[in-house]
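To start, the structure itself, in structure tokens.
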Amino acid sequence: MSDKSFFLFFLFLIIGLNNGYTQKDSIITDSLVVTSNNDSLVKKGKKRYKPYYDTITHHFKLRNEEAKFGKKFLRGSLINLSYNSAIASLLLILPEDISKWNKSNYGNQFKKSFTHAPVVDKDKWYINYIGHPYQGTFYYNLIRSQGAKIWQSSLFCLGSVWIWEYTIEAGFEQPSIQDLVVTPAAGILLGELFHFSTIKMSKNGFKWYEKMFVSIFNPTFAINNGFKYANRPKINTTIPYTF
């Protein structure tokens with residue numbers, strides 16, 4: 001990925017976050033009932049797919065955490081497709097000296113991408129070893145932040161990288177060895193570290209500086225879950241109620 005494409009990726013990322021963490025706080029409506037033997041609360045009804053605070057386990061539940069993998073995969077893929085499409089569209093509009101995409105030889109280059117080995121690209125070091133790992137964490141946490149397992153998120157990250165290199169970008173430049181190796185490998189390791197840190201923060205609600213950390217280093221959590229359930233509800237354990 002060229003320098004410009006990385007910065008465009010980051011720009012669209014920041015814009016997209018407005019759909020997540022800038023939402024106003026709201027309340028959850030759900031019927032709760034108290035058991036006769038103790039003060040624990042039992043939630044009635046079907047499984048929930050939006051993020052919410054579980055008053056039984058006292059943990060934050062991620063969007064689609066209780067859903068099947070197909071639902072997590074579909075949402076992650078749609079978000080991924082939207083970002084990649086937006087970035088590719090802009091790169092197509094920009095002049096070639098900025099995008100670094102050769103638009104006049106698409107057919108031959110696409111064929112060459114599958115008939116010749118990947119190459120070592122000449123992108124700047126901070127693009128290959130900071131920008132690409134960051135992009136890998138974005139791919140990884142698209143479904144990890146929905147409660148997907150580590151191996152599922154890892155395969156999703158790896159597949160996302162290869163799809164970009166061998167479909168979207170393949171007709172404009174030769175696939176990059178750094179992109180194919182560094183992006184998923186570093187993205188998986190850092191992605192899990194950021195996910196673990198985010199879940200730790202969520203247990204006590206997000207302070208303003210924690211929201212900033214998550215929004216920068218784990219933006220897909222903000223896109224998928226937002227922060228509107230960060231404030232813990234005060235639970236009355238004496239009578240059934242709704243909140």
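Structure data summary
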read-out: Counted residues, segment 89-114 - those being of a type in the set (S, T, N, Q), part of a loop (DSSP other than H, G, I, E, B) and farther than 15 Å from PRO175 by Cβ; value: 2
read-out: Condition met for THR115 (more than 30 Å from ILE177 (Cβ to Cβ) and among the polar types (S, T, N, Q)); value: no
read-out: Residues satisfying the stated conditions in segment 97-126, i.e. among the aliphatic types (A, V, I, L, M) and either out of contact with any helix residue (DSSP H, G or I) (no Cβ under 7 Å at 6 or more places or on another chain) or crowded, with 20+ Cβ neighbours inside 10 Å (or both); value: ALA117
read-out: Residue that is nearest to ASN224 (Cα to Cα), among those in segment 58-111 that are within 18 Å of the chain's Cα centre (by Cα) and acidic (Asp, Glu); value: GLU65
read-out: First in segment 159-178 and under 19 Å from LEU142 (Cβ atoms) and modelled with pLDDT of 90 or more, second anywhere and crowded, with 19+ Cβ neighbours inside 10 Å and of a type in the set (Asp, Glu), Cβ under 8 Å, 6 or more apart; value: VAL161/ASP179; TRP164/ASP179; GLU165/ASP179
read-out: Which numbered condition PHE227 misses (of (1) in contact with an Asp or Glu (Cβ under 6 Å, 6 or more places away or on another chain); (2) part of a loop (DSSP other than H, G, I, E, B)); value: (1)
read-out: Matching residues in segment 187-203 - criterion: being surrounded by fewer than 19 Cβ atoms within 10 Å (Cβ to Cβ), out of contact with any Ser or Thr (no Cβ under 7 Å at 6 or more places or on another chain) and in contact (Cβ under 8 Å) with a residue 24 or more places away in the chain; value: GLU192, ILE199, LYS203
read-out: Segment 48-66 residues that are free of Cβ contacts under 8 Å to residues at least 60 places away in the same chain, paired with ones that are of a type in the set (Gly, Ala, Ser) (beta carbon under 7 Å, 6 or more apart); value: TYR49/ALA67; ILE56/SER40
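For every residue, the table says whether it meets (1) in a loop (DSSP other than H, G, I, E, B); (2) in contact with a Gly (Cβ under 6 Å, 6 or more places away or on another chain); (3) modelled with pLDDT of 90 or more.
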{"residue": "ASN37", "(1), (2), (3)": "yes, no, no"}
{"residue": "LYS46", "(1), (2), (3)": "yes, no, no"}
{"residue": "ILE56", "(1), (2), (3)": "yes, no, no"}
{"residue": "GLU65", "(1), (2), (3)": "yes, yes, yes"}
{"residue": "LYS71", "(1), (2), (3)": "no, no, yes"}
{"residue": "GLY76", "(1), (2), (3)": "no, no, yes"}
{"residue": "ASN80", "(1), (2), (3)": "no, no, yes"}
{"residue": "ILE87", "(1), (2), (3)": "no, no, no"}
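The values are calculated or read from the model by the stated rules, or taken from the named source; none is laboratory data. Just so we're clear, the structure is a prediction, and the values are computed from it rather than from any experiment. Every residue, glycine among them, receives a Cβ derived from its backbone with ideal geometry; neighbour counts consider all protein chains shown.
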